[in-house]
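Below: one structure, written as C-alpha coordinates.
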Amino acid sequence: MKPLSKYIDHTLLRPEASKEDIIRACEEAMQFDFAAICLYPYWIRAASKIIGTSSVAICSVVGFPHGASKTTTKVREAEIALNDGASEFDMVINIGALKTAYFDIIYNDIRSVVDVVSPNIVKVILETSVLTTKEKITAAKIARDSGAHFVKTS
(Lines give C-alpha, C1' and ligand atoms only; values in the text may rest on other atoms or scores of the structure.)
Protein backbone atom coordinates (compact mmCIF):
# COMPACT_ATOMS: atom_id res chain seq x y z
CA MET A 1 0.00 0.00 0.00
CA LYS A 2 1.24 3.50 -0.85
CA PRO A 3 1.88 5.94 1.99
CA LEU A 4 -0.76 8.64 2.47
CA SER A 5 1.60 11.32 1.14
CA LYS A 6 1.44 9.70 -2.32
CA TYR A 7 -2.26 10.66 -2.52
CA ILE A 8 -1.59 14.36 -1.89
CA ASP A 9 -0.80 17.05 -4.45
CA HIS A 10 1.20 19.94 -3.02
CA THR A 11 -0.11 23.08 -4.70
CA LEU A 12 1.16 26.62 -5.10
CA LEU A 13 -1.21 28.68 -7.23
CA ARG A 14 -0.86 32.10 -5.66
CA PRO A 15 -0.45 34.59 -8.51
CA GLU A 16 2.20 36.51 -6.56
CA ALA A 17 4.38 33.43 -5.92
CA SER A 18 8.04 34.14 -6.61
CA LYS A 19 10.75 31.78 -7.82
CA GLU A 20 11.87 31.41 -4.21
CA ASP A 21 8.32 30.33 -3.30
CA ILE A 22 8.35 27.79 -6.13
CA ILE A 23 11.70 26.39 -5.00
CA ARG A 24 10.44 26.08 -1.43
CA ALA A 25 7.20 24.35 -2.56
CA CYS A 26 9.15 21.88 -4.72
CA GLU A 27 11.51 21.14 -1.85
CA GLU A 28 8.53 20.56 0.48
CA ALA A 29 6.93 18.22 -2.07
CA MET A 30 10.14 16.17 -2.19
CA GLN A 31 10.68 16.31 1.58
CA PHE A 32 7.20 14.93 2.30
CA ASP A 33 7.19 12.66 -0.78
CA PHE A 34 3.92 14.05 -2.12
CA ALA A 35 2.36 12.63 -5.28
CA ALA A 36 2.81 15.87 -7.21
CA ILE A 37 3.64 19.54 -7.12
CA CYS A 38 0.93 21.54 -8.88
CA LEU A 39 1.83 24.93 -10.34
CA TYR A 40 0.90 27.48 -12.96
CA PRO A 41 2.27 26.62 -16.44
CA TYR A 42 4.80 29.45 -16.20
CA TRP A 43 6.67 27.62 -13.42
CA ILE A 44 6.70 24.09 -14.88
CA ARG A 45 10.12 24.32 -16.53
CA ALA A 46 11.72 25.64 -13.33
CA ALA A 47 10.00 22.95 -11.26
CA SER A 48 11.26 20.26 -13.65
CA LYS A 49 14.82 21.34 -12.96
CA ILE A 50 14.26 21.40 -9.20
CA ILE A 51 12.35 18.11 -8.96
CA GLY A 52 14.74 16.30 -11.30
CA THR A 53 14.42 12.53 -10.96
CA SER A 54 12.41 12.66 -7.74
CA SER A 55 9.26 10.53 -7.55
CA VAL A 56 7.19 13.71 -7.23
CA ALA A 57 5.17 14.34 -10.40
CA ILE A 58 4.96 17.81 -11.90
CA CYS A 59 1.40 18.96 -12.45
CA SER A 60 0.29 21.98 -14.43
CA VAL A 61 -3.07 23.67 -14.19
CA VAL A 62 -4.95 24.20 -17.46
CA GLY A 63 -7.64 26.83 -17.91
CA PHE A 64 -7.13 27.94 -14.33
CA PRO A 65 -8.89 29.37 -12.43
CA HIS A 66 -12.31 29.47 -14.12
CA GLY A 67 -12.13 27.10 -17.08
CA ALA A 68 -13.42 29.82 -19.40
CA SER A 69 -10.60 29.60 -21.95
CA LYS A 70 -11.31 28.28 -25.43
CA THR A 71 -10.50 24.66 -26.13
CA THR A 72 -7.63 25.58 -28.46
CA THR A 73 -6.12 27.70 -25.70
CA LYS A 74 -6.38 24.87 -23.17
CA VAL A 75 -4.83 22.41 -25.61
CA ARG A 76 -1.91 24.72 -26.35
CA GLU A 77 -1.43 25.46 -22.65
CA ALA A 78 -1.31 21.72 -21.93
CA GLU A 79 1.10 21.11 -24.84
CA ILE A 80 3.49 23.76 -23.61
CA ALA A 81 3.37 22.45 -20.05
CA LEU A 82 3.98 18.91 -21.32
CA ASN A 83 7.02 20.10 -23.28
CA ASP A 84 8.26 21.95 -20.20
CA GLY A 85 8.11 18.80 -18.08
CA ALA A 86 4.59 18.39 -16.70
CA SER A 87 3.35 14.83 -16.40
CA GLU A 88 -0.04 15.59 -14.82
CA PHE A 89 -2.65 18.17 -15.71
CA ASP A 90 -5.40 19.71 -13.56
CA MET A 91 -7.91 21.38 -15.83
CA VAL A 92 -10.87 23.44 -14.68
CA ILE A 93 -14.21 22.55 -16.18
CA ASN A 94 -15.85 25.32 -18.18
CA ILE A 95 -18.34 26.47 -15.56
CA GLY A 96 -20.31 28.75 -17.87
CA ALA A 97 -20.68 26.00 -20.47
CA LEU A 98 -21.89 23.62 -17.76
CA LYS A 99 -24.41 26.17 -16.47
CA THR A 100 -25.62 26.68 -20.07
CA ALA A 101 -25.86 22.92 -20.67
CA TYR A 102 -23.23 23.03 -23.46
CA PHE A 103 -22.18 19.51 -22.61
CA ASP A 104 -20.56 18.89 -25.99
CA ILE A 105 -18.23 21.85 -25.38
CA ILE A 106 -17.21 20.44 -22.00
CA TYR A 107 -16.66 16.98 -23.43
CA ASN A 108 -14.56 18.40 -26.28
CA ASP A 109 -12.50 20.56 -23.88
CA ILE A 110 -11.57 17.61 -21.70
CA ARG A 111 -11.15 15.09 -24.53
CA SER A 112 -8.89 17.47 -26.43
CA VAL A 113 -6.58 17.96 -23.44
CA VAL A 114 -6.60 14.22 -22.68
CA ASP A 115 -5.65 13.49 -26.30
CA VAL A 116 -2.76 15.97 -26.42
CA VAL A 117 -1.13 14.79 -23.16
CA SER A 118 -1.95 11.09 -23.33
CA PRO A 119 -1.00 8.82 -21.60
CA ASN A 120 -0.42 11.35 -18.80
CA ILE A 121 -2.95 11.92 -16.03
CA VAL A 122 -5.68 14.53 -16.49
CA LYS A 123 -7.69 15.60 -13.46
CA VAL A 124 -10.79 17.77 -13.90
CA ILE A 125 -11.47 20.42 -11.27
CA LEU A 126 -15.15 20.91 -10.50
CA GLU A 127 -15.85 24.25 -8.87
CA THR A 128 -18.33 22.59 -6.52
CA SER A 129 -19.11 25.74 -4.55
CA VAL A 130 -20.92 27.21 -7.58
CA LEU A 131 -22.55 24.01 -8.89
CA THR A 132 -25.82 22.34 -8.07
CA THR A 133 -25.89 18.66 -7.17
CA LYS A 134 -27.23 17.84 -10.63
CA GLU A 135 -24.44 19.87 -12.29
CA LYS A 136 -21.80 18.10 -10.19
CA ILE A 137 -23.12 14.70 -11.23
CA THR A 138 -23.35 15.73 -14.88
CA ALA A 139 -19.84 17.20 -14.84
CA ALA A 140 -18.36 14.07 -13.24
CA LYS A 141 -20.02 11.87 -15.86
CA ILE A 142 -18.74 14.05 -18.71
CA ALA A 143 -15.23 13.99 -17.22
CA ARG A 144 -15.36 10.20 -17.02
CA ASP A 145 -16.74 9.80 -20.53
CA SER A 146 -14.15 12.15 -22.02
CA GLY A 147 -11.22 10.18 -20.66
CA ALA A 148 -10.20 12.15 -17.58
CA HIS A 149 -8.59 10.08 -14.85
CA PHE A 150 -10.00 11.90 -11.81
CA VAL A 151 -12.26 14.70 -10.73
CA LYS A 152 -11.30 17.12 -7.97
CA THR A 153 -13.22 19.70 -6.03
CA SER A 154 -12.37 23.37 -5.72
## Note on the structure
A student asked for the Cα radius of gyration and Dmax of the chain in angstrom ought to give 15.1, 44
### Summary
Computed over region 29-154, the relative contact order (Cα-Cα under 8 Å, seq sep at least six) in percent reads 21 percent
## Note on the structure
With every protein chain kept in place and a 1.4 Å probe, the residues Glu135, Glu16 fall, from largest accessible area down, as Glu16, Glu135
#### Entry: Spatially proximal aspartates and glutamates relative to Lys70 (Cα-Cα < 19 Å; intrachain offsets below 8 disregarded)
Glu79, Asp90, Asp104, Asp109, Asp115, Glu127
### Query
Among Gln31, Ser118, Gly147, whose Cα sits farthest toward the positive end of the charge dipole of the chain (+1 at Cβ of Lys/Arg, -1 at Cβ of Asp/Glu, about the Cα centre)?
Gly147
## Note on the structure
Scoring only Lys, Arg, Asp and Glu (+1, +1, -1, -1) among other residues with Cβ under 13 Å from the Cβ of Ser146 yields +1
### Full-extension gain in nm, Arg76 to Ser18, via 0.36 nm per residue minus C-alpha separation
18.5 nm
## Note on the structure
Mean accessible area per residue over the chain (1.4 angstrom probe, all protein chains present, square angstrom) is 53 Å²
### Task
Any lysines with Cα under 25 Å of the Lys74 Cα? List them, leaving off those in the same chain fewer than 8 positions away.
Lys19, Lys49, Lys99, Lys123, Lys136, Lys141, Lys152
### Task
Rounding to the nearest 20 debye, state how big the charge dipole of the chain is about its Cα centre with +1 on each Lys and Arg Cβ and -1 on each Asp and Glu Cβ.
320 debye
## Note on the structure
Here the cysteines of the chain without any disulfide-compatible Cβ partner under 4.7 Å are Cys26
### Message
Treating region 44-120 as a set of equal point scatterers at the Cα positions, no solvent, please give the Debye-formula log₁₀ I(q)/I(0) at q = 0.16, 0.17, 0.24 Å⁻¹.
### Response
-0.56, -0.62, -1.03
### Task
Take each of the peptides 43-49, 99-105, average the number of other beta-carbon atoms within 10 Å over its residues, and list them starting from the highest.
43-49, 99-105
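The values are calculated or read from the model by the stated rules, or taken from the named source; none is laboratory data. No experiment lies behind these values; they were computed from the predicted model shown. Every residue, glycine among them, receives a Cβ derived from its backbone with ideal geometry; neighbour counts consider all protein chains shown. What goes into the accessible areas is simple: the full protein's heavy atoms, side chains included, and nothing from ligands, DNA or RNA. Shrake-Rupley method; radii C 1.70, N 1.55, O 1.52, S 1.80 Å.
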